[in-house]
Amino acid sequence: MYRFLPLLLILVLTAVLAGLTKVSVWYWIGVAVFGALSLLGLYDLLQTRHSLWRNYPILARIRWIAEEMRPFFRSYIVESDTEGRPFNHEQRSMVYRRAKNVSSVEPFGSQLEIGRPPYEWLSHSIAARHNEDVDPRVMVGANGTAKPYSASVFNISAMSFGSLGAHAIEALNRGAAKGGFYHDTGEGGVSRYHKAGGGDLVWELGSGYFGCRASDGSFDAERFRDVAADDQVKMIEIKLSQGAKPGHGGVLPGTKVTEEIAEARGIPVGQTCFSPPAHTAFSTPVGMMEWVAELREMSGGKPVGMKLCVGNRWEILAICKAILKTGIKPDFIVVDGGEGGTGAAPAEFMDHVGAPLRQGLVLVRNALVGCGLKDEVRIAASGKQISAFNIAASMALGADWVNTARGFMFSLGCIQSLNCHTNTCPTGIATTDKFRQRGLVVPDKAERVANFHRNTVKALMEVVGAAGCSHPNELTPRHIMHRVTEDIAAPGHRAYQLLEPGSLLADPGATHLAREWDLAQADSFEAVR
């Protein structure tokens, strides 16, 4: 490769000298191109950071270009409709069509490998029915909650302003207002763009207490009262952990703390702030229940719940023991799957920390049912839930409603470019770059958000009707068949070892959670030694 650089330089010099007698525009364009390549080759040859560039000037950059373009070529040319990750082409296309109000039917049969686990299907009924209800709701609020909330069975999961741009947040909220479902703020606080559309909000409180944060990073009760008093805020959600990076804190560099972000989070402009891995407002399961009661009182009686990705199994049972000990019940628990995550996370956390949604949902369902608490404490499921079957299966196995984040990002036009963490999102969704955001027109995208919700819920009610039910809450684990092996399938209650009501209170030793029950204690998240 080296022997070509002197030749290239000689050609450029010769061309320049020869060009003194010529004036062709294309000639000088050619000279400029060759000159630029020569300078680039010299830079590659002399720089010390990249071995390939030093050994193969100019040519080695083809590899860099290929790396940049690889996700696009793979997604649009190489992969089949069902091979893509995190979401395949068939899943993304379904959301796009529903968001655009276009038929989402498919021709010529299923492309899934239905003969291999973990394939699941819904058991339909000979007495199937047509459901007229197109807006099934669930009432959230344990006994004593002064302002219960009627939630849609399908809502926007947590995405913070800052992770998503202003146009995306505003479009999501306007869509939620049009469709009558809620919009989770994410832990970044209630921003002006969350309020812009007038849609219902669930305010998420992470360990950074953004929006109600004291100067030392602790919880500020007075600030909480001010924000929670807003009529647009319908429920409060304590974020214990999230699917993408459970047990991992965060750092927001001061360079990213703009005036708008500082306003939403209640922090100084330009100042780096930290979110610790765990909360400082409580340290025990009992303390957490007492804080739930305080938040409910300070918010004027609005439902207060929590979001978590399941980790140590005994900790979930410890929360249940604390509920039983104090008599204080959270209004809901959102189970976030380890496969969730709209932004970025360390690979080890994203791939190997935290329970996947199905296993987490089943454990929380078993814990509440086994302790006789499920009738008052609602469960929501979050993590790759974008289709009517996803929603139906989760509700059959214990969820009362479902949230999705990436599904609604697709409805905004997300193309899964995997640039969420670089601030270079090409669709203007996961970026604060003003130029990129201009491509996202709020009124148009808000309509698509509402369309996606409406058409997905309509499809859900068709699935529910096929099972012979009139409301998703009538679905039971027996409606879901799970392929255990290629030859064996079992109904949901057997495949997932679901507990009977009160079984952990009556005879915990007879359940498969006996060991975890013995480890759990109401006064500590530590296991009993």
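The values are calculated or read from the model by the stated rules, or taken from the named source; none is laboratory data. A quick note: this is a predicted structure, and the numbers were derived from the prediction, not measured. In this analysis, Cβ positions are derived from the backbone assuming ideal geometry, glycine residues included, and neighbour counts consider all displayed protein chains. Ligands, DNA and RNA are excluded from the accessible area calculation, which covers all protein heavy atoms including side chains. Shrake-Rupley method; radii C 1.70, N 1.55, O 1.52, S 1.80 Å.
Across region 491-506, what is the number of residues that are over 13 Å from L317 (Cα atoms), open to solvent by 70 Å² or more (accessible area, probe 1.4 Å) and in a helix (DSSP H, G or I)?
Of the residues in region 491-506, 2 are over 13 Å from L317 (Cα atoms), open to solvent by 70 Å² or more (accessible area, probe 1.4 Å) and in a helix (DSSP H, G or I).
Kindly indicate whether any position in region 507-523 is in a helix (DSSP H, G or I), touching a strand residue (DSSP E or B) at 6+ places or on another chain (Cβ under 8 Å) and within 19 Å of R313 (Cα to Cα).
No, because not a single residue in region 507-523 is in a helix (DSSP H, G or I), touching a strand residue (DSSP E or B) at 6+ places or on another chain (Cβ under 8 Å) and within 19 Å of R313 (Cα to Cα).
Go over the candidates T456, T485, T476 one by one and state the one that is open to solvent by 40 Å² or more (accessible area, probe 1.4 Å) and within 26 Å of M139 (Cα to Cα).
That would be T476, the only listed residue that is open to solvent by 40 Å² or more (accessible area, probe 1.4 Å) and within 26 Å of M139 (Cα to Cα).
If you scan region 240-285, which residues turn out to be among the hydroxyl-bearing types (S, T, Y) and either assigned to a loop (DSSP other than H, G, I, E, B) or open to solvent by less than 40 Å² (accessible area, probe 1.4 Å) (or both)?
Hits for region 240-285 are S241, T258, T272, S275, T280, S283, T284.
Regarding G300, is this residue of a type outside the set (A, V, I, L, M) and either part of a helix (DSSP H, G or I) or out of contact with any Gly (no Cβ under 9 Å at 6 or more places or on another chain) (or both)?
For G300, the condition - of a type outside the set (A, V, I, L, M) and either part of a helix (DSSP H, G or I) or out of contact with any Gly (no Cβ under 9 Å at 6 or more places or on another chain) (or both) - is met.
I need the full set of residues from region 143-171 which are over 14 Å from the mean Cα position of the chain (by Cα), more than 15 Å from I261 (Cβ to Cβ) and open to solvent by less than 10 Å² (accessible area, probe 1.4 Å), in order please.
Of everything in region 143-171, those that are over 14 Å from the mean Cα position of the chain (by Cα), more than 15 Å from I261 (Cβ to Cβ) and open to solvent by less than 10 Å² (accessible area, probe 1.4 Å) turn out to be A151, S152, V153, A171.
I'd like the full set of residues that are over 21 Å from A380 (Cα atoms), part of a loop (DSSP other than H, G, I, E, B) and out of contact with any Leu (no Cβ under 9 Å at 6 or more places or on another chain), limited to region 147-174.
S163
Would you mind telling me which numbered condition in (1) outside any strand (DSSP E or B); (2) closer than 19 Å to Q521 by Cβ M306 fails?
(1)
Under the condition of being touching a residue at least 60 places away in the same chain (Cβ under 8 Å) and surrounded by fewer than 21 Cβ atoms within 10 Å (Cβ to Cβ), which residue from region 417-431 is nearest to S75 (Cα to Cα)?
S417
State whether the residues of region 318-330 include one that is free of Cβ contacts under 8 Å to residues at least 24 places away in the same chain and either part of a loop (DSSP other than H, G, I, E, B) or crowded, with 16+ Cβ neighbours inside 10 Å (or both). Full working, then the answer.
Just the residues of region 318-330 that are free of Cβ contacts under 8 Å to residues at least 24 places away in the same chain, to begin with: 327.
Of the ones still in play, those that are also either part of a loop (DSSP other than H, G, I, E, B) or crowded, with 16+ Cβ neighbours inside 10 Å (or both) are 327.
For region 318-330, residues free of Cβ contacts under 8 Å to residues at least 24 places away in the same chain and either part of a loop (DSSP other than H, G, I, E, B) or crowded, with 16+ Cβ neighbours inside 10 Å (or both): present.
Identify all residues within region 516-529 that are open to solvent by 20 Å² or more (accessible area, probe 1.4 Å) and either on the phi > 0 side of the Ramachandran plot or in contact with a Lys or Arg (Cβ under 9 Å, 6 or more places away or on another chain) (or both); write none if there are none.
Scanning region 516-529 gives E516, W517, L519, Q521, D523.
Please go through region 365-376 and pick out each residue that is open to solvent by less than 20 Å² (accessible area, probe 1.4 Å) and in contact with a strand residue (DSSP E or B) (Cβ under 8 Å, 6 or more places away or on another chain).
Listed by number, the list holds a single entry, L368.
Could you list, in sequence order, the residues of region 253-266 that are closer than 22 Å to D433 by Cβ and in contact with a helix residue (DSSP H, G or I) (Cβ under 8 Å, 6 or more places away or on another chain)?
The answer is V257, E260, E263, A264.
For F181, are the conditions met, namely being at pLDDT below 95, assigned to a loop (DSSP other than H, G, I, E, B) and crowded, with 23+ Cβ neighbours inside 10 Å?
No.
Looking at this structure, is G354 part of a loop (DSSP other than H, G, I, E, B), over 26 Å from A171 (Cβ atoms) and over 19 Å from the mean Cα position of the chain (by Cα)?
Spelling it out, it is not the case that G354 is part of a loop (DSSP other than H, G, I, E, B), over 26 Å from A171 (Cβ atoms) and over 19 Å from the mean Cα position of the chain (by Cα).
Find the helices (runs of 4 or more DSSP H) located wholly in region 377-476 whose residues include 1 or more that are farther than 30 Å from L324 by Cβ and touching a strand residue (DSSP E or B) at 6+ places or on another chain (Cβ under 9 Å), and list them.
So the answer is 388-396, 406-412, 442-466.
What number of residues within region 184-202 satisfy the criterion of being open to solvent by less than 10 Å² (accessible area, probe 1.4 Å) and more than 19 Å from G243 (Cβ to Cβ)?
5
Tally up the residues in region 486-506 that are in contact with a strand residue (DSSP E or B) (Cβ under 7 Å, 6 or more places away or on another chain) and among the aromatic types (F, W, Y), please.
Residues in region 486-506 being in contact with a strand residue (DSSP E or B) (Cβ under 7 Å, 6 or more places away or on another chain) and among the aromatic types (F, W, Y): 0 in total.
Of all residues in region 155-197, which are under 22 Å from R213 (Cα atoms) and of a type in the set (D, E, K, R)?
D184, E187, R192, K195
Does G206 satisfy the criteria of being open to solvent by less than 10 Å² (accessible area, probe 1.4 Å), under 30 Å from S524 (Cα atoms) and touching a Gly at 6+ places or on another chain (Cβ under 6 Å)?
Values: open to solvent by less than 10 Å² (accessible area, probe 1.4 Å): yes; under 30 Å from S524 (Cα atoms): yes; touching a Gly at 6+ places or on another chain (Cβ under 6 Å): no.
Considered against the rule, which asks whether it is open to solvent by less than 10 Å² (accessible area, probe 1.4 Å), under 30 Å from S524 (Cα atoms) and touching a Gly at 6+ places or on another chain (Cβ under 6 Å), G206 comes out as no.
Among helices (runs of 4 or more DSSP H) lying entirely in region 1-116, which contain 1 or more residues that are touching a Cys at 6+ places or on another chain (Cβ under 9 Å) and modelled with pLDDT of 85 or more?
Passing ranges, in order: 89-99.
Per-residue answers, yes or no, for (1) hydroxyl-bearing (S, T, Y); (2) surrounded by 13 or more Cβ atoms within 10 Å (Cβ to Cβ):
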{"position": "M69", "(1), (2)": "no, no"}
{"position": "S75", "(1), (2)": "yes, yes"}
{"position": "L122", "(1), (2)": "no, yes"}
{"position": "V134", "(1), (2)": "no, no"}
